[in-house]
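S.K.: I'd like to ask some things about the structure below.
Derivation of every value follows stated rules applied to the coordinates shown; laboratory data play no part. Only a predicted model underlies this, so the values are computations on that prediction, with no experimental measurement involved. Backbone-built Cβ (ideal geometry, glycine too); neighbour counts: all protein chains shown.
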Amino acid sequence: MHESEHAVVIAGGGPAGMMLAAELALAQVDVVMVERRPDHVLVGSRAGGFHARTLEVLDMRGVVDRFLAEGQTAQASMLGSTILDMSDFPTRHPYSLGIWQNQIERIMSEWLGELPARILYDREVTGFAQDDDGVTVQLSDGASLRAQYLVGCDGGRSLIRKQAGIDFPGLDATRSNLIAEVELTEEPPPGVRHDEIGVHGLNRLEDGRTFRVIVTERELGVGSEPSLRDLSAALIDVFGTDFGAHSPTWVSRFTDATRQAATYRAGRVLLAGDSAHIHYPAGGQGLSLGVQDAVNLGWKLALVVGGAAPDTLLDTYHAERHPVGARALEHTIVQAALQRRDARMAPLVDLVSAFGEMDEPRRKVVGTISALDIHYDLGEGHPLLGRRMPDLDLGDGRRVFDLLHDARPVLLDLGGLGNADVTGWADRVPVVAARYDGVWELPVLGVVRAPSAVLVRPDGYVAWVGEGSADGLTDALATWFGAAA
Ligand SMILES: Cc1cc2nc3c(=O)[nH]c(=O)nc-3n(C[C@H](O)[C@H](O)[C@H](O)COP(=O)(O)OP(=O)(O)OC[C@H]3O[C@@H](n4cnc5c(N)ncnc54)[C@H](O)[C@@H]3O)c2cc1C
């Protein structure tokens, strides 16, 4: 069988893999994504949506409207029983978006179809071997691919992570839930029930016939392919009836096992999405985390395989995304604990919920859930450094996110770049002169002093801030985009 050569091979075409493939294709990288499913149809609805920073990321690429058109915006961040309203957050998307993962994956695959990414469906990555020059990737049809880098976006049971020998430390499962799409012969109670076992709910889906059922099991269940009988038993245990559940199209199990890859990079192999972190879905963090992993990694990989930047740039992927993942995992542990409402937990839930009604705790927790408060450690300096660039309305009718559609960086000259010589990076870093006279307000932090220039990375984070001079600019350009040409 022949071996074809590519810059990057992605194992797995879920949300993280597709986002990474799109990022690399936008950067004109020769990328192949291998997906074991025959197409992008996802059996079952799975995740229920994503939060504000993911909406911003999709907005930066000019595709957010496709998702907004099919979903429903809502204030969906919770602390205990309190809904945390974020409508006052300084973002164009001060809400979460309710949209099922099977819709998300369809929209993403349609977008990917418009980009120059190759996708091999119906094939699995079965193994790989890396050497000094690249990675040889074995496929289930006997073919092999050769690439400079392999990225495992192959989900929580990641073969790539295991074969790379990357540890996956964390907490074993203590709680399991069954999730299913079934028809019912009896009308279930509306809403969500919390009790001493955990959280349960039966909600009618858009087709009017099928119900999405989530029920916490009294005893920890094992295996990812439970049966209708398991579902009925769990429902009877909680509700005293299974509501006549029948004709399942999907029955699955998830747990509160919480683990994170010890490293997101082992030589020429990297991990993104659930392959790098698993956790209980309370708080709806997983899909968003994976999409944002991909957006952090994509442009770095593009610069490295293109020869513009040294491969040490890839180490910043772990350095930046591992702490963000660790924080999200901690948050899901809190959210999972608050779902249980027995006599000992209820007072704690009430107390924590009351904090959610206070302004400062509300802003802090929403900052975490929405991921709008992410602060990559890029050293001391202006509060914008390492934080997300706000989507400002620039004087010429454009907004900042318009400048990021091609996944390229931008050096925004707001009148203070002076005579800095950046010609050595002209091939990689466009300079845009613009005006902005408004307030600079960051989520959670509040108003910050206006800079005179900013260097924005392709992932929308600020790599350098000018305050009346170009001090440090060429160092920042070299750090993030390679040496001057
Ligand atoms: C009930 C539930 C509710 C959730 N709700 C939310 C929510 O509201 N918000 C949120 O952000 N997240 C939520 N999540 C989490 C979210 O579903 C996952 O975090 C997300 O799917 C991870 O995306 P991924 O691309 O990393 O992995 P996956 O979606 O698991 O994709 C991995 C892909 O790799 C493929 N694959 C695996 N092995 C191979 C191989 N060897 N070769 C080729 N292909 C392979 C698989 O077929 C799959 O398509 C929820 C999860 C559950 C279970």
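S.K.: What base-10 log of the normalised intensity I(q)/I(0) is obtained for the range 220-374 from the Debye formula, alpha carbons as equal point scatterers, at q = 0.09, 0.17, 0.21 Å⁻¹?
M.R.: -0.45, -1.07, -1.27
S.K.: Please sort through the DSSP H helices of the chain and keep those with an alpha-carbon extent of at least 24 Å along the long axis and a Kyte-Doolittle average not below -1.0.
M.R.: On the way: long enough: 286-305 (28 Å, 1.10); 315-339 (36 Å, -0.45).
Helices passing the filter in the chain: 286-305, 315-339.
S.K.: So for the range 400-481, averaging the separation of alpha carbon pairs under 8 Å that are six or more residues apart and normalising by length, what relative contact order in percent results?
M.R.: Once normalised by length, the contact order is 34 percent.
S.K.: Restricting to Cα pairs below 8 Å that are 6+ residues apart, what does the relative contact order work out to for the range 35-101? Please round to a whole percent.
M.R.: 45 percent
S.K.: Restricting to DSSP loop positions (anything but H, G, I, E, B) with no more than 14 other Cβ atoms inside 10 Å of their own Cβ, which GluC sites (Glu not before Pro) remain in the range 199-285?
M.R.: Qualifying residues, ordered by number: E206, E219.
S.K.: Another question about this same structure. Given axes a ≥ b ≥ c from the Cα gyration tensor, I'd like to know whether the range 176-255 is rounded (a/c under 1.5), prolate (a/b larger than b/c) or oblate. Write out the running numbers ahead of the final one.
M.R.: Working: a/c = 1.63, a/b = 1.23, b/c = 1.32.
Because a/c hits 1.5 or more and a/b fails to exceed b/c, the range 176-255 counts as oblate.
S.K.: Let me spell out the model: positive unit charges on the Cβ of Lys and Arg, negative unit charges on the Cβ of Asp and Glu, origin at the Cα centre of the chain. What dipole size does that give, in debye rounded to 20? Working shown, then result.
M.R.: Working: 43 positive and 67 negative charges, 78 e Å.
My answer is approximately 380 debye.
S.K.: Just how far, in whole angstrom, is the range 217-231 from the range 58-119 if you go by their alpha carbon centroids?
M.R.: The range 58-119 and the range 217-231 have Cα centres spaced 31 Å from each other.
S.K.: Through the Karplus equation 6.51 cos²θ - 1.76 cosθ + 1.60, θ set to phi - 60°, convert the phi angles of the range 63-79 into ³J(HN,Hα) values in whole Hz; use x for Gly and Pro.
M.R.: Those phi angles translate into 10, 4, 4, 5, 7, 4, 5, 9, x, 10, 6, 7, 7, 10, 6, 10, 10 Hz.
S.K.: In the range 78-180, which GluC sites (Glu not before Pro) fall in coil by DSSP and have 15 or fewer other Cβ atoms within 10 Å?
M.R.: Passing both the DSSP loop test and the Cβ count: E114.
S.K.: Could you sort 132-139, 414-421 so that the peptide with the highest average Cβ count within 10 Å comes first and the rest follow in order? Show your work: numbers first, answer last.
M.R.: Details: 132-139: 16.5, 414-421: 14.2.
In decreasing order of mean packing, 132-139, 414-421 become 132-139, 414-421.
S.K.: Another question, if that's okay. Between beta-carbons, use under 12 Å as the cut-off and find the net charge around Q138, counting Lys and Arg +1, Asp and Glu -1.
M.R.: -1
S.K.: How much mean residue ellipticity at 222 nm does the chain get from its helices, if each DSSP H run of length 4 or more adds -39500 (n - 2.57) and you divide by all residues, to the nearest 500 deg cm²/dmol?
M.R.: -8500 deg cm²/dmol, from helical runs alone.
S.K.: How many angstrom separate the Cα center of the range 271-316 from the Cα center of the range 331-378?
M.R.: 25 Å
S.K.: Here's a follow-up. What does the highest-first list of 151-160, 8-17 look like by mean Cβ count within 10 Å?
M.R.: Sorting 151-160, 8-17 by mean packing, highest first, produces 8-17, 151-160.
S.K.: With contacts defined as alpha carbon pairs under 8 Å and 6 or more residues apart, what's the relative contact order of the chain in percent?
M.R.: Values: 1025 pairs, mean separation 83.7, N = 485.
Contact order relative to length: 17 percent.
S.K.: Mind listing which trypsin sites (Lys or Arg not before Pro) in the range 400-482 are in a DSSP loop and have 16 or fewer other Cβ atoms within 10 Å?
M.R.: Those that pass, being in a loop and sparsely packed, are R435, R449.
S.K.: Same structure, new question: Which of rounded, prolate, oblate describes the chain, given a ≥ b ≥ c as roots of the alpha-carbon gyration tensor eigenvalues and a/c under 1.5 marking rounded, otherwise prolate only if a/b is larger than b/c?
M.R.: Because a/c hits 1.5 or more and a/b fails to exceed b/c, the chain counts as oblate.
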